[in-house]
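Here the structure comes first, spelled out in structure tokens, and everything after it is commentary.
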Amino acid sequence: MKVLGISGSPRKDQSTDRLVKEVLSSVGVETEFISLSGKKIGPCIACLGCVEDNICKVKDDMQSLRSKIEDADAYVIGAANYYSMLNGLSHCFLERFYQFRHREGKTVAGKLGVAVGVGGGDGDAVVGNIKTFFEYNQIECVGTVAGQGVASCFTCGYGETCKVGAIHMFFDPGTKISPEITPDLDKQPDILKAAQELGRKLGERLKGFAAAT
Ligand SMILES: Cc1cc2nc3c(=O)[nH]c(=O)nc-3n(C[C@H](O)[C@H](O)[C@H](O)COP(=O)(O)O)c2cc1C
């Protein structure tokens with residue numbers, strides 16, 4: 001049994017990566033974590049080149065992920081909240097699962113999934129997007145977890161004066177950026193605990209699968 005964890009955030013080692021890893025940490029079977037950061041993965045171009053053999057013909061970094069997706073028994077998929085939907089890199093990655101759907105392709109159908117969402121406000125919209133993706137691909141959603149990450153406005157250098165960013169949106173005028181007001185998953189123990197419990201739940205389900213086969 002193997003669980004593949006994917007973080008679709010373009011920012012490496014930030015909150016989406018962390019929350020996906022937190023789920024993986026308690027699964028209790030073999031896991032692999034992959035960050036999509038820096039990877040070139042374009043959208044599905046609807047060329048239907050995958051119809052006959054369920055193999056996408058677009059040449060980019062998705063090709064090297066294909067066998068890992070095939071080999072995994074479950075997926076922990078995390079994405080960042082961009083404009084109240086999942087970020088573009090994650091969207092492209094998930095669109096490319098179209099290659100597994102044709103002619104009763106069973107590569108991902110029947111497998112298990114966990115949805116992880118992170119946003120500067122919250123990741124709720126994102127887990128909704130990933131859940132919908134799971135449904136379309138007949139992946140059973142074992143659970144979801146969403147947390148608050150750090151909006152770039154905390155570090156861009158203009159956050160305290162910018163009139164459109166997160167500091168302006170979330171705090172009173174004149175608020176100074178400090179560690180106290182900066183979101184951090186370590187300040188969200190309930191979310192971390194929920195992620196670990198979800199990992200345990202996924203592990204138990206997988207062990208049940210293994211015992212039944
Ligand atoms: C282009 C862009 C749009 C964003 N839009 C939203 C948003 O609509 N709602 C929200 O809660 N956070 C939004 N954010 C903040 C990110 O969700 C936040 O920084 C999150 O921590 C990103 O995940 P990461 O830390 O794993 O990179 C946005 C960030 C970017 C770069």
| said: On C-alpha positions alone, give me the angle between the axis of helix 124-136 and the longest principal axis of the chain, in degrees, nearest 10. | reply: 10 degrees
| request: Take the alpha carbon atoms of the stretch 59-101, find their center, do the same for the stretch 170-213, and report the distance between the two centers in whole angstrom. | output: 21 Å
| Highest-fluctuation residue, Pro43, Pro179, Pro189 considered, GNM on the chain with Cα pairs under 10 Å | Pro179
| request: Among Ser90, Ser35, Ser67, determine the one that fluctuates most according to a GNM of the chain built with springs between C-alpha atoms less than 10 Å apart. | output: Ser67
| field | In the stretch 95-192, chymotrypsin sites (Phe, Trp or Tyr not before Pro) in a DSSP loop with at most 12 other beta-carbon atoms within 10 Å | value | Tyr158
| said: Within 10 Å of each candidate Cβ there may be at most 10 other Cβ atoms; applying that plus a DSSP loop requirement, which GluC sites (Glu not before Pro) in the stretch 153-213 survive? | reply: Glu180
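What GluC sites (Glu not before Pro) does the stretch 1-71 have in DSSP loop regions with at most 13 other beta carbons within 10 Å?
Glu52
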| field | the chain - mean residue ellipticity at 222 nm from DSSP helices (-39,500 (n - 2.57) per run, n ≥ 4, rounded to 500) | value | -10500 deg cm²/dmol
| task | Mind listing the long-range amide H neighbours of Val76? Cut-off is under 5 Å, sequence gap 5 or more, other chains count too, H placed in the peptide plane at 1.01 Å from N. | result | Leu4, Gly5, Ile6, Val114
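Here, each number is a calculation from the coordinates, and none is a lab measurement. Being a predicted model, the structure only gives us computed values, none of them experimental. Please note: Cβ atoms are built from the backbone with ideal geometry, for glycine as well, and neighbour counts cover all protein chains shown.
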